[in-house]
Amino acid sequence: AKFAAEENILVHTHLAESQDEINWLNNKPSGIDKIHKLVRWDNMKPYESGLNPVEYLEKLGVLEKLKENLTAAHCIELDEKALEKLVNYGTKIAHCPRSNMFLHKKTLNLNNLPQNILQNTGLGTDSRFSNYDLSILNETGYIKDYTGLEFQKLLDMLTINSARILKIDDKI
C-alpha cells in the first residue's frame, strides 16, 4: 500500500466476496484455511479478529494510504455502513453481479444503495473462472433484467463510473 501510494499506482483487490472471508477474519472455520494449507501457509491468520473486511483494511492502514487508488471488487458481504466507510476513504467498487450470483447466489442490492455509493461503483466481469463470459454488456443485461435499476444509474456504472475508477474519465 505504501509503495502504491508513493508511486500513484492503482490497486485492485477482492473484498468481502464470500462468507468464508468473513469467517476467516473472525477465526471461524473457513475455506480460506483449506487454501492456505494447500499452499503451505498453514499458520496464516488475520492480524486481528472480530473485524469486518473494511475495518480490517482500515486497521492495517491500507485505506488511509491508498484512498482513491484502491478498487474493491465484489463487496457483497458488506452492509451499507461498511460500504459508506469504504467510499468515504475514496475507495471505488467493482461490482460483478453475474460472478457473484454464480459463485455465491447473492449480489449487491443496487436499488437500495445511496447515491454516493452508487456513483463510486462500476461494473466488472471478474474472471472466466467465475463467469460465463467476459462481456460487460451481459453484466448490464443481467442488472437490467434482475434488478430493475434505473437506466441512467446503470449507464453511469457502465461508463463514467468505471472510467473514474480507472482514472481515465478525463480522456474518455
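The values are calculated or read from the model by the stated rules, or taken from the named source; none is laboratory data. Just so you know, these numbers come straight off a predicted model, no measurement behind them. Heads up, the Cβs are rebuilt from the backbone with ideal geometry, glycines too, and the neighbour counts pull from every protein chain shown. For the accessible areas, the whole protein counts, side chains as well, though only heavy atoms, and no ligand, DNA or RNA atoms are used. Shrake-Rupley method; radii C 1.70, N 1.55, O 1.52, S 1.80 Å.
Side notes on the structure shown:
- Accessible-area composition of the chain, carbon plus sulfur, in percent [1.4 Å probe]: 54 percent
- Placed amide H near Val11: partners under 5 Å, 5+ positions off or other chain: Leu70, Thr71
- Dimensions of the chain along the principal axes, based on C-alpha atoms and rounded to the nearest Å, stand at 47, 36, 28, largest first.
- Given +1 at the Cβ of Lys and Arg, -1 at the Cβ of Asp and Glu and no other charges, the dipole of the chain around its Cα centre is 280 debye to the nearest 20.
- Computed with a 1.4 Å probe over protein heavy atoms only, the accessible area of Lys144 comes to about 120 Å².
- By accessible area with a 1.4 Å probe, ligands and nucleic acids excluded, highest first: order of Met44, Met101, Met157: Met44, Met101, Met157
- Neighbour cut-off at most 13 other Cβ (10 Å), DSSP loop, chymotrypsin sites (Phe, Trp or Tyr not before Pro), the range 1-48: Trp41, Tyr47
- Loop-located GluC sites (Glu not before Pro) in the range 1-49 whose Cβ has at most 12 other Cβ within 10 Å (DSSP): Glu7, Glu48
- Over the range 12-79, relative contact order from alpha-carbon pairs under 8 Å, at least 6 apart, %: 51 percent
- For the pair Ile9 and Ser49, the difference between a 0.36 nm per residue extended length and the Cα-Cα distance amounts to 11.5 nm.
- Accessible surface computed residue by residue for the chain, with neighbouring protein chains in place and a 1.4 Å probe, gives 57 Å² per residue.
- Alpha-carbon spread of the range 67-121, three principal axes, descending order, Å: 30, 22, 16
- When you filter the chymotrypsin sites (Phe, Trp or Tyr not before Pro) in the range 110-172 for DSSP loop state and at most 10 other Cβ atoms inside 10 Å of their Cβ, you are left with Phe129.
- In the chain, Cα pairs under 8 Å separated by at least six residues give a relative contact order of 19 percent.
- The range 10-57, dipole about Cα centre (Lys/Arg Cβ +1, Asp/Glu Cβ -1), debye to the nearest 20: 220 debye
- Among the listed pairs Lys81/Lys106; Lys2/Lys167; Lys81/Lys171; Lys34/Lys85; Lys34/Lys67; Lys37/Lys105, those with a Cα-Cα distance over 23 Å are Lys81/Lys171; Lys34/Lys85; Lys34/Lys67; Lys37/Lys105.
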